[in-house]
Amino acid sequence: MITPDDGQDVLRCLAVPARLQILKLLHASGAMNVNEIAETLSLPQSSASIHVTALEEAGLIITTSQKARRGSQKICTAAHAEILLSFGTPRETNDAIEVSMPVGLYSGAEVLSPCGLCSDSGIIGYLDSPATFLNPERMRAGLLWFTRGHVDYQFPNNARIAGRTVTELELRLELSSEVPGTSANWPSDITVEINGKPIGCWTAPGDYGDRRGVHTPSWWKLAGSQYGHLKSFRVTADGTYLDGVRLSDVGLAALDLESHHSIRVRIAVHDDAEHPGGINIFGRGFGNYDQDIVLTLNT
């Protein structure tokens with residue numbers, strides 16, 4: 001995922017038709033050397049070399065050297081399956097930068113069924129099929145659920161781009177456990193990690209279907225998960241707090257925000273959890289709070 005601020009090299013590459021053709025070719029045909037690319041696309045070998053170099057410098061392809069009959073040849077492979085350009089301009093106050101991430105815009109997922117995704121207009125893909133989490137329509141999702149596993153989100157580190165020092169990080173999202181049907185007494189241990197560091201675990205009390213969520217669409221059956229709890233995970237210099245109560249000793253220094261262009265967030269239910277009771281993540285159009293996953297950086 002790139003933004004207009006940190007993705008200018010990528011955008012310049014994608015603006016050249018020949019470079020787009022090279023990326024399409026590599027996705028369709030797999031690894032190729034520069035001569036094969038030039039021949040397939042009817043490009044001069046010198047032009048193909050220039051385009052390959054530009055794509056490599058932008059991080060869009062990966063190259064390796066391989067021995068050939070005469071000297072060596074450069075083997076090219078596409079680096080990414082998809083490129084997402086986010087125009088979600090961060091909302092700034094005097095001291096804070098805030099980014100909202102749709103629940104379906106995860107950068108990776110490994111989940112076990114029962115699982116699923118839906119938008120405000122209907123089910124996305126197939127219910128209880130982990131492969132559905134690869135469906136491009138996932139970006140429209142306002143609710144996702146799974147039994148065990150994790151989803152990963154990659155937020156732009158806008159404080160680093162702006163040259164500011166982060167004094168506090170807050171992650172806000174609406175969560176519940178997940179059970180076939182619903183049950184108010186169905187605990188689940190939900191772990192949150194940031195930049196690969198577990199900041200803490202919250203035990204969701206249950207999965208609620210006693211009444212319709214304030215923003216849950218009318219087509220979503222009342223027997224399904226309707227709403228959750230809005231949780232605030234706040235990381236300060238001296239530790240992590242959940243809804244204002246100290247959760248762990250993990251502080252900002254452990255997240256090493258200054259070294260990363262992005263902030264990686266993982267939301268997980270682990271196999272070895274004491275209460276592996278699944279998870280629902282509610283976004284816009286579902287639950288009691290009409291919001292995405294919100295990351296705020298106080299600076």
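Charges on Cβ only, +1 for Lys and Arg, -1 for Asp and Glu, centred on the Cα centroid of the chain; of SER65, GLY200, LEU85, which one is farthest towards the dipole's positive end?
About the Cα centre, the residue reaching furthest to the positive side is SER65.
Grab the alpha carbons of region 209-287, take their convex hull, and tell me the volume per residue in Å³.
Here the figure is 154 Å³ per residue.
Can you find, among PRO44, ILE22, SER232, the residue farthest towards the positive end of the dipole of the chain? Put +1 on the C-beta of Lys and Arg, -1 on that of Asp and Glu.
After comparing all options, I get PRO44.
Based on the Kirkwood radius over alpha-carbon pairs, what value in µm²/s does the Stokes-Einstein equation return for the translational diffusion coefficient of the chain at 20 °C and 1.002 mPa s?
In µm²/s, the coefficient is 101.
Taking the Cα centroid of region 37-86 and of region 237-253, what is the distance between the two, rounded to the nearest whole Å?
A separation of 45 Å, based on Cα centres.
Counting alpha carbon pairs within less than 8 Å and at least 6 residues apart, what relative contact order, in whole percent, applies to region 112-198?
Contact order relative to length: 23 percent.
Counting only heavy atoms of the protein chains, get the accessible area per residue of region 150-299 (1.4 Å probe) and round it to a whole Å² value.
About 41 Å² of surface per residue is accessible.
So what is the relative contact order for the chain, in percent, with contacts set as C-alpha pairs under 8 Å and at least six apart?
This gives 20 percent for the chain.
So how strong a dipole does the chain carry about its Cα centre when Lys and Arg Cβ are +1 and Asp and Glu Cβ are -1, to the nearest 20 debye?
860 debye
Placing unit charges on C-beta atoms (Lys and Arg positive, Asp and Glu negative, everything else neutral), compute the dipole magnitude of region 237-298 about its Cα centre in debye, rounded to 20.
That gives a dipole near 220 debye.
Rounded to the nearest angstrom and ordered from largest down, what semi-axes does the equivalent ellipsoid of region 11-133 get from its C-alpha gyration tensor (root of 5λ)?
37, 21, 13
Using only Cα atoms, what is the ratio of the radius of gyration of region 148-284 to 2.2 N^0.38 Å?
In units of the globular-protein estimate, region 148-284 measures up at 1.13.
So how do 216-226, 134-144 stack up, highest first, on mean other-Cβ count within 10 Å?
By packing density, highest mean first, the sequence is 134-144, 216-226.
The values are calculated or read from the model by the stated rules, or taken from the named source; none is laboratory data. Note that the structure is a prediction, hence the values are computed from the model and not measured. Positions of Cβ are backbone-derived with ideal geometry, glycine not excepted, and every protein chain shown enters the neighbour counts. The area values use the complete protein model at the heavy-atom level, side chains included, leaving out ligands, DNA and RNA. Shrake-Rupley method; radii C 1.70, N 1.55, O 1.52, S 1.80 Å.
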